[in-house]
Amino acid sequence: MRGLRGFRPRTDSLEEEMMKLRLLILFCSLACTAQAQTVAIRAGNVVDPAHGTVAKNQIILVRDGKIAEVGPNVAVPRDATVVDLSNAWVLPGLMDAHTHLTAGPAPGTPAAIITPYLMESTALRALRGAHHARVLLEAGITVVKDIGNDAEYAAVDLRRAIARGWIPGPTMLTTGKIIAAFGGQSRGVPPEQGPFWRHEYIDADSPDEIRKAVRRNIYYGANAIKLVADNNPYFYSQEEVRAAVEEGHAAGVTVAVHVVGGQAARNVILAEPDSIEHGFELSDEQLRLMKEKGVVLVGTDFPEEHLKLMGFNPLQEGKTMGQRIVDRLRRAHQIGVKMAFGTDVYMDLPEKSRADLTWDYLDVWRAAGVPPAEILKAMTTNAAELMRIEKQRGALAPGLAADIIATPENPLENIQALRKVHFVMKDGKIVKHTR
Ligand SMILES: [Zn+2]
């Protein structure tokens, strides 16, 4: 307000002022009309991932960024823009509950995960994130949870830029810095190098330190929380994980915990976070305990070829890491643990986009015997519930955001149809429509 004191309008005549006012009103009414534009999608096949069903010949009416009506007999307003998807399969936008848009170590180098912390600025990280955000959106991924490794909160600013409409991208949840016991996800860095991992992680080694770390992340804009429970021989206690869960939930954000297996996983499950990330070595007993406690598995089920590229596919009891991952996914599916699709894609490869890398995970889910309908559910409804956005997104229903995609083939018959997404609408705006 202080800046307005002493402000005087320039001495335009009254007539000129009135003309400006009339132009302003005209501009406003044009802008409002444009905003109120209705889109009617003629959908040949509407897929409902929650139930694995298809409804034929539907009309989806989109108004003000939201789905207004869906049904076979919806009246199309005369001024509506009609989109013809009568030969397509139409479904809600897809979600990745575990990704790293701003991280991008070159694969196959020693200490590949650590070097970008030292070699890339937060600004460069944000710009990488902007690139990947567009690629993923155009491929049909309309929501992502960016689960850390974003330097000084690069993903938070990326989220804000997308929300302001400056750049195209999915709706984002961001966890800020990863909370972990001393050392983050590094091991054995010589003391003279200093704790440089703190650009990516918060060292927190007691329930009180963990509570403080959660608060710090939320202060800097995180709208979800991520812990790494077991990177080193020392690992978090149930009490420590519980501190994060309580603190996060009190602030209205979900808590995801990276853990592989063993006693550390048991501590995590008993602390009842929203999700376990990875869990590659969870036993059947632990999976049953997760089901009982309602902890979601975000399995980040790496394809064998990706593990090789990362130089990480050790043999254990005669099985490669890739084989063990398929086995764990099969067991989790058979036991009935609730699962949300999450990739942990963080590599930058010249020959493959992040979207290409994402679709590679579909092979792993199929190899584990998960039917396409269940995979779609993990990529929509389940992921939305985990991220607590199910009242806004994740289904094609009136009142929800118009995040709508389409494929030329039936993904319930062949899940690889998702590689061919040819229509993407985000919050009611058409991002892509190729024929
Ligand atoms: Zn990850």
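Yes or no, residue by residue, for (1) within 16 Å of the ligand (Cβ to nearest atom); (2) under 28 Å from TRP359 (Cβ atoms):
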site	(1), (2)
ALA133	no, yes
LEU136	yes, yes
ASP146	yes, yes
ILE162	no, yes
THR175	yes, yes
GLN185	yes, yes
GLY188	no, no
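One residue is enough: does the stretch 384-392 have a residue meeting the conditions in contact with a Ser or Thr (Cβ under 7 Å, 6 or more places away or on another chain), part of a helix (DSSP H, G or I) and open to solvent by less than 60 Å² (accessible area, probe 1.4 Å)?
Yes, because at least one residue in the stretch 384-392 is in contact with a Ser or Thr (Cβ under 7 Å, 6 or more places away or on another chain), part of a helix (DSSP H, G or I) and open to solvent by less than 60 Å² (accessible area, probe 1.4 Å).
Please state which of the following conditions LEU396 fails to meet, knowing it meets all the rest: (1) open to solvent by 10 Å² or more (accessible area, probe 1.4 Å); (2) within 29 Å of ILE225 (Cβ to Cβ).
The single condition LEU396 does not satisfy is (2).
Looking only at the stretch 184-199, count how many residues are without any contact (Cβ under 8 Å) to a residue 12 or more places away in the chain and of a type in the set (S, T, N, Q).
Matching residues across the stretch 184-199 total 1.
Filter the stretch 357-379 down to the residues that are in contact with a strand residue (DSSP E or B) (Cβ under 7 Å, 6 or more places away or on another chain) and within 16 Å of the ligand (Cβ to nearest atom), then identify the one that is farthest from ASN410 (Cα to Cα).
LEU357
Just give me the residues in the stretch 330-356 being farther than 12 Å from ASP96 by Cα and within 16 Å of the ligand (Cβ to nearest atom), in sequence order.
TYR346, MET347, ASP348
Restricting the first residue to the stretch 103-127 and requiring it to be farther than 21 Å from GLU351 by Cβ, which pairs with a second residue that is modelled with pLDDT of 70 or more and open to solvent by 40 Å² or more (accessible area, probe 1.4 Å) meet a Cβ separation below 6 Å and a spacing of at least six or different chains?
From residues that are farther than 21 Å from GLU351 by Cβ, the pairs are TYR117/HIS199; THR122/GLU152; ALA126/ASP157.
With respect to the numbered conditions (1) basic (Lys, Arg); (2) at pLDDT below 95; (3) more than 23 Å from ILE167 (Cβ to Cβ), which one is the sole condition not fulfilled by LYS352?
Unmet for LYS352, out of (1) basic (Lys, Arg); (2) at pLDDT below 95; (3) more than 23 Å from ILE167 (Cβ to Cβ): (3).
Can you tell me which residues in the stretch 348-358 are closer than 20 Å to ASN149 by Cβ and either in a helix (DSSP H, G or I) or open to solvent by less than 10 Å² (accessible area, probe 1.4 Å) (or both)?
Matches in the stretch 348-358: ARG354, ALA355, LEU357, THR358.
Scan the stretch 313-342 residue by residue and report those that are among the aliphatic types (A, V, I, L, M) and surrounded by fewer than 16 Cβ atoms within 10 Å (Cβ to Cβ).
LEU315
Please enumerate the residues belonging to the stretch 20-78 that are modelled with pLDDT of 95 or more, over 18 Å from THR407 (Cα atoms) and hydrophobic (A, V, I, L, M, F, W, C).
Matches in the stretch 20-78: VAL39, LEU61, VAL62, ILE67, ALA68, VAL70, VAL74, ALA75, VAL76.
Quick check on this structure: which one of ALA224, ALA244, ALA181, ALA251 is touching a residue at least 40 places away in the same chain (Cβ under 8 Å) and either surrounded by fewer than 24 Cβ atoms within 10 Å (Cβ to Cβ) or among the aromatic types (Phe, Trp, Tyr) (or both)?
The match here is ALA181.
So, ALA180, is that one touching a Ser or Thr at 6+ places or on another chain (Cβ under 6 Å), within 16 Å of the ligand (Cβ to nearest atom) and of a type outside the set (Lys, Arg) or not?
Here the answer is no, as ALA180 does not meet what is asked.
Of all residues in the stretch 254-279, count the ones that are open to solvent by less than 10 Å² (accessible area, probe 1.4 Å) and of a type in the set (D, E, K, R).
Total meeting the criteria: 1.
Taking the stretch 410-420, which residues are open to solvent by 10 Å² or more (accessible area, probe 1.4 Å), assigned to a loop (DSSP other than H, G, I, E, B) and in contact with a strand residue (DSSP E or B) (Cβ under 7 Å, 6 or more places away or on another chain)?
If the condition is that a residue be open to solvent by 10 Å² or more (accessible area, probe 1.4 Å), assigned to a loop (DSSP other than H, G, I, E, B) and in contact with a strand residue (DSSP E or B) (Cβ under 7 Å, 6 or more places away or on another chain), then ASN410, LEU412 are the ones that fit.
Keeping to the stretch 78-104, report how many residues are within 16 Å of the ligand (Cβ to nearest atom), of a type in the set (A, V, I, L, M) and part of a strand (DSSP E or B).
Number satisfying all stated conditions: 2.
Here are some conditions: (1) among the aromatic types (Phe, Trp, Tyr); (2) surrounded by 18 or more Cβ atoms within 10 Å (Cβ to Cβ); (3) more than 24 Å from ALA367 (Cβ to Cβ). TYR234 meets all but one. Which one does it not meet?
Failed condition: (2).
How many residues does the stretch 64-77 contain that are assigned to a strand (DSSP E or B) and surrounded by fewer than 19 Cβ atoms within 10 Å (Cβ to Cβ)?
Qualifying residue count for the region: 4.
State whether one or more residues within the stretch 94-106 are open to solvent by 50 Å² or more (accessible area, probe 1.4 Å) and in contact with a Ser or Thr (Cβ under 7 Å, 6 or more places away or on another chain).
No, the conditions are met nowhere in the stretch 94-106.
Could you give every pair whose Cβ atoms fall below 9 Å, whose first residue belongs to the stretch 155-170 and is closer than 17 Å to LEU136 by Cβ, and whose second residue is part of a loop (DSSP other than H, G, I, E, B) and polar (S, T, N, Q), counting only separations of at least 6 or pairs across chains?
ALA155/THR102; ALA155/ASN149; ALA155/THR175; LEU158/THR102; ARG159/ASN223
The values are calculated or read from the model by the stated rules, or taken from the named source; none is laboratory data. Quantities reported herein were computed from a predicted structural model and do not represent experimental measurements. Here the Cβ is made from the backbone with ideal geometry for all residues, glycine too, and neighbour counts use every protein chain on show. Accessible surface is based on the protein model in full, side chains and every heavy atom, while ligands, DNA and RNA are left aside. Shrake-Rupley method; radii C 1.70, N 1.55, O 1.52, S 1.80 Å.
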